[in-house]
Amino acid sequence: MSAAVSIADPDQLAIATIRTLCIDAVQQANSGHPGTPMAMAPVAYTLWQRFLRFDPDDPIWPNRDRFVLSMGHASTLLYAMLLLTRVKAVNPAYESLGEDSVRLEDLEHFRQLDSKCPGHPEYRWTSGIETTTGPLGQGVATSVGMAIASRWLAARYNKPDFELFDFDVYALAGDGCMMEGISSEAASLAGHLRLSNLCWIYDNNHITIEGNTSLTFTDDVATRFLGHGWNVLRVGDANDLEMLSRAFETFRRETERPTLVIVDSHIAYGAPTKQDTSGAHGEPLGEEEVRATKRFYGWPEDATFLVPDGVDAVFEDGIRSRGRAARDAWFELLAAYEKEHPDLADELNRMQRRHLPDGWDADVPTFEPDPKGLAGREASGTVLNAIAGRVPWLVGGSADLSPSTKTRLTFDGAGDLEPDDDGGRNLHFGIREHAMGAILNGLSLSKLRPFGSGFLIFSDYARGSIRLSAIMELPVIHVFTHDSIGVGEDGPTHQPVEQLASLRAMPGLIVIRPGDATEVAEAWLTIMELRHEPVALILSRQAMPTLDRTRFGPASGVRRGAYVLADPAGGDPPELILIASGSEVGLAVDAWNTLTDGGVRARVVSMPSWELFDAQPSEYRDEVLPPSVTARVAIEQASTFGWERYVGSKGAIVGMNTFGASAPLKELQTKFGFTPEAVVGISRERLAASSAG
Ligand SMILES: Cc1ncc(C[n+]2csc(CCOP(=O)(O)OP(=O)(O)O)c2C)c(N)n1
Ligand SMILES: [Mg+2]
């Protein structure tokens with residue numbers, strides 16, 4: 001629709017366009033959050049138009065500055081920016097097809113099925129969105145991972161005359177982000193690491209859903225961030241473009257600390273009755289209020305979804321031309337770099353596409369049979385080091401538990417990522433599981449291959465971020481050790497029970513719980529080739545016998561999620577199936593020995609991964625678990641929840657139904673029925689029941 005708009009100032013014209021598009025989208029959808037986009041439009045505009053090094057024609061250019069909308073409920077603000085700057089869509093093969101990522105029709109269908117403008121910004125779905133946001137606090141924490149990635153990439157790839165990486169990371173946050181604990185974890189680590197390339201902008205509007213923040217939030221945010229080692233700036237009026245610019249310039253000059261810009265704003269700026277009220281937060285303004293607000297902006301009150309002539313030129317003269325020049329210069333630099341540093345350029349190329357270096361698996365060891373065996377975490381540490389030595393961008397660490405999780409990279413030159421060593425391969429997250437999860441996402445969004453580790457029990461602390469790694473289809477590697485009541489004396493607070501079931505319930509997350517050192521190696525080989533799936537690798541604290549693979553089925557079956565480990569002698573068909581994962585595979589084999597000696601035709605199925613198994617064709621699944629064999633026993637030191645799907649109504653599950661207890665492992669095994677005798681007893685019972693039936 002075209003209508004006369006008499007706003008002469010190009011900045012104000014663009015800002016009013018952003019504001020009214022956001023208002024109209026929410027009004028049309030009859031749902032969403034109009035107030036914050038209206039208030040923050042000048043902030044987003046100033047940042048994008050004057051500072052952000054971002055080329056809308058190539059939204060995946062590796063050295064672009066990142067913009068994260070941590071207040072995901074203000075999604076229309078981001079959509080309006082993508083629309084007006086004409087960001088191009090990129091397909092999953094990282095190719096631009098020349099189409100706009102967000103079209104006016106998408107905004108008109110805000111929150112409707114298949115619109116590129118869903119309720120909250122979704123990475124992968126809409127090009128130009130750097131990370132999925134909505135769960136408050138996640139965006140700011142993820143931005144820390146991006147800022148670390150910028151530093152790491154610079155340390156590894158920048159060479160004299162080749163400043164390939166120096167991108168900055170901006171995140172827009174609200175009161176909710178500031179209240180969520182994850183922002184404190186992330187800010188604390190960012191301050192420690194002196195991430196001066198990181199800028200958070202805090203929308204200090206004093207409003208959340210329930211009303212004024214005086215209800216719940218009287219922190220001195222500035223002092224808090226000074227305490228975290230940040231520089232803190234204030235802009236007293238979100239409409240003051242010059243003050244905003246000054247703040248961003250100050251951020252750019254800062255070399256020692258991350259920057260927080262506290263911006264005072266008025267939610268629903270310009271709405272006569274809703275400004276500064278929580279009524280502007282989660283519902284449309286309403287027809288009358290929309291008209292009055294448009295009048296206030298000097299906008300034609302009948303116009304909807306109006307983009308006046310001239311707005312395109314405003315952005316062309318700002319972010320578009322500046323971004324294009326920066327992007328083109330970067331690719332010229334890269335072309336010269338390819339000649340001078342071909343190996344590093346090749347690495348970059350592969351990393352950007354989530355491909356691996358040739359020969360990446362050449363050092364992965366094989367494990368000799370050993371009845372005493374190795375702990376899952378020990379075997380994993382060995383394999384991880386063998387792979388990381390050949391995959392330079394495989395980086396990670398632990399939430400202060402690497403001596404326990406065995407994820408430390410120990411080869412020469414691995415180094416530690418610290419304020420003075422941006423290129424270290426060992427990250428130290430401190431005791432901050434939740435922020436670790438989000439930072440891993442930020443690293444992965446920047447195309448590094450990150451792993452993080454901790455005790456399985458504390459995966460709950462990181463769950464919000466793990467969930468986002470699954471929603472975003474990021475190949476983040478979550479390593480969780482101390483995976484069961486096998487932790488023994490530490491007792492119920494440290495014994496995971498329901499964590500496996502809850503991780504398995506998460507769509508898109510692949511959970512793998514290998515049963516001996518050979519399966520651990522196979523698990524890592526499988527994981528490394530994933531490009532779009534996060535993984536939870538679940539490892540034992542205690543030793544597991546390393547099986548003799550000349551006697552038992554090959555561990556290559558890990559790739560298929562479950563496989564036949566042992567069968568009745570002479571090729572007889574099984575009458576009973578024992579299914580186990582992780583440390584219980586050895587127990588299943590012990591029980592199988594006894595049963596076999598007793599003349600029972602038993603099969604052992606090792607099932608390290610439900611998700612990988614469920615993805616197999618039904619022929620394979622029926623081969624491993626023949627439907628005719630109903631006498632089945634699943635064994636896992638975890639909640640029994642969900643195993644019914646593999647053992648069926650005639651099967652039994654040897655698992656946990658309580659929180660465990662504090663005692664030496666042997667005693668716990670007896671108390672909770674994880675002994676060969678108990679498993680044999682239950683197996684015979686199932687067998688009898690099935691033949692009776
Ligand atoms: C982790 C999390 N908890 C709760 C919500 C629901 N929620 C969405 S917005 C909001 C209030 C946010 O207030 P603020 O960040 O100040 O945003 P403003 O209303 O000022 O835009 C809440 C509680 C959420 N999105 N994420
Ligand atoms: Mg607020």
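The values are calculated or read from the model by the stated rules, or taken from the named source; none is laboratory data. As the structure is a computational prediction, the values presented were derived from the model and not from experiment. Heads up, the Cβs are rebuilt from the backbone with ideal geometry, glycines too, and the neighbour counts pull from every protein chain shown.
Name the one entry in Glu130, Glu185, Glu180 that is among the charged types (D, E, K, R), under 25 Å from Leu394 (Cα atoms), within 16 Å of ligand 1 (Cβ to nearest atom) and within 18 Å of the chain's Cα centre (by Cα). Break it down into steps so the answer makes sense when it comes.
Details: Glu130 fails: within 16 Å of ligand 1 (Cβ to nearest atom); Glu180 fails: under 25 Å from Leu394 (Cα atoms).
The match here is Glu185.
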**Asked** With Arg531, Arg541, Arg467, Arg551 as the choices, which residue is of a type in the set (Lys, Arg), in a helix (DSSP H, G or I) and at negative phi?
**Response** Arg467
**Asked** Only one of these conditions is not met by Pro475: (1) in contact with a His (Cβ under 9 Å, 6 or more places away or on another chain); (2) over 30 Å from Ile60 (Cβ atoms). Which number is it?
**Response** (2)
**Item:** Residue satisfying all of: in segment 560-574; more than 26 Å from Leu500 (Cβ to Cβ) and touching a Ser or Thr at 6+ places or on another chain (Cβ under 8 Å); modelled with the highest pLDDT among these
**Value:** Pro568
**Prompt:** Among the residues of segment 206-250, which ones are part of a strand (DSSP E or B), more than 16 Å from ligand 2 (Cβ to nearest atom) and under 24 Å from Met146 (Cβ atoms)?
**Reply:** Asn231, Val232, Leu233
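Taking Ile23 as the residue in question, decide whether it is out of contact with any Gly (no Cβ under 9 Å at 6 or more places or on another chain), part of a helix (DSSP H, G or I), among the hydrophobic types (A, V, I, L, M, F, W, C) and within 16 Å of ligand 1 (Cβ to nearest atom). Spell out how you get there, then give the answer.
Working: out of contact with any Gly (no Cβ under 9 Å at 6 or more places or on another chain): yes; part of a helix (DSSP H, G or I): yes; among the hydrophobic types (A, V, I, L, M, F, W, C): yes; within 16 Å of ligand 1 (Cβ to nearest atom): yes.
Yes, satisfied.
With the condition kept exactly as written, say whether any residue in segment 59-69 is in a helix (DSSP H, G or I) and surrounded by 18 or more Cβ atoms within 10 Å (Cβ to Cβ).
no
Residues in segment 253-266: is at least one modelled with pLDDT of 95 or more, in a helix (DSSP H, G or I) and over 18 Å from Phe110 (Cβ atoms)?
Keep residues of segment 253-266 that are modelled with pLDDT of 95 or more, which gives 253-266.
When the remaining residues are screened for being in a helix (DSSP H, G or I), the result is 253.
From the residues that got through so far, the ones that are over 18 Å from Phe110 (Cβ atoms) too are 253.
For segment 253-266, residues modelled with pLDDT of 95 or more, in a helix (DSSP H, G or I) and over 18 Å from Phe110 (Cβ atoms): present.
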**Asked** Taking the condition surrounded by fewer than 20 Cβ atoms within 10 Å (Cβ to Cβ) and either over 20 Å from Gly174 (Cβ atoms) or within 16 Å of ligand 2 (Cβ to nearest atom) (or both), does Ala8 pass?
**Response** yes
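If you scan segment 103-161, which residues turn out to be at positive phi, in contact (Cβ under 8 Å) with a residue 60 or more places away in the chain and surrounded by fewer than 17 Cβ atoms within 10 Å (Cβ to Cβ)?
We begin by selecting, within segment 103-161, every residue at positive phi; these are 111, 114, 124, 128, 134, 137, 161.
Subset that is in contact (Cβ under 8 Å) with a residue 60 or more places away in the chain: 111, 124, 128, 134, 137.
Answer for segment 103-161, where residues must be at positive phi, in contact (Cβ under 8 Å) with a residue 60 or more places away in the chain and surrounded by fewer than 17 Cβ atoms within 10 Å (Cβ to Cβ): just Arg124.
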**Complete:** The number of residues in segment 255-294 that are of a type outside the set (Ser, Thr, Tyr) and under 30 Å from Asp168 (Cα atoms) is 12
**Message:** What's the total number of residues in segment 472-486 that are touching a Phe, Trp or Tyr at 6+ places or on another chain (Cβ under 8 Å) and either surrounded by fewer than 24 Cβ atoms within 10 Å (Cβ to Cβ) or hydroxyl-bearing (Ser, Thr, Tyr) (or both)?
**Reply:** 2
**Qualifying position, being under 20 Å from Phe315 (Cα atoms) and out of contact with any helix residue (DSSP H, G or I) (no Cβ under 7 Å at 6 or more places or on another chain), among Arg66, Arg86** = Arg86
**Asked** Quick one: in segment 34-54, which of the residues that are assigned to a loop (DSSP other than H, G, I, E, B) and within 25 Å of the chain's Cα centre (by Cα) is farthest from ligand 1 (Cβ to nearest atom)?
**Response** Arg53
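At least 3 residues that are within 16 Å of ligand 2 (Cβ to nearest atom) and not small (Gly, Ala, Ser) in each: list the helices (runs of 4 or more DSSP H) lying fully within segment 99-193 that qualify.
Details: elements: 104-108, 138-157, 175-179, 181-192.
Ranges flagged: 175-179.
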**Fill in**
Checked against (1) over 18 Å from Leu448 (Cα atoms); (2) within 16 Å of ligand 1 (Cβ to nearest atom); (3) touching a residue at least 60 places away in the same chain (Cβ under 8 Å); (4) out of contact with any Gly (no Cβ under 6 Å at 6 or more places or on another chain), Thr76 satisfies every condition except (3)
**Matching residues, segment 270-300, being more than 16 Å from ligand 1 (Cβ to nearest atom), farther than 10 Å from Ile23 by Cα and of a type in the set (Gly, Ala, Ser)** = Ala292, Gly298
**Message:** It is to be established whether one or more residues within segment 382-395 are among the aromatic types (Phe, Trp, Tyr) and either outside any strand (DSSP E or B) or touching a Cys at 6+ places or on another chain (Cβ under 9 Å) (or both).
**Reply:** yes
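Check Ala16, Ala74, Ala80 and return the single one that is within 19 Å of Tyr269 (Cα to Cα) and within 16 Å of ligand 2 (Cβ to nearest atom). Before the answer, list the steps.
Numbers: Ala16 fails: within 16 Å of ligand 2 (Cβ to nearest atom); Ala80 fails: within 16 Å of ligand 2 (Cβ to nearest atom).
Only one candidate qualifies: Ala74.
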**Item:** Given (1) away from ligand 2 (no atom under 16 Å from the Cβ); (2) not in a loop (DSSP other than H, G, I, E, B), index of the condition Asp203 fails
**Value:** (1)
**Item:** Filter result (more than 15 Å from ligand 2 (Cβ to nearest atom) and surrounded by fewer than 22 Cβ atoms within 10 Å (Cβ to Cβ)) within segment 271-282
**Value:** Pro272, Thr273
**Request:** Check whether at least one residue in segment 652-668 is over 23 Å from Ser540 (Cβ atoms), in contact (Cβ under 8 Å) with a residue 40 or more places away in the chain and surrounded by 13 or more Cβ atoms within 10 Å (Cβ to Cβ), and report yes or no.
**Result:** no
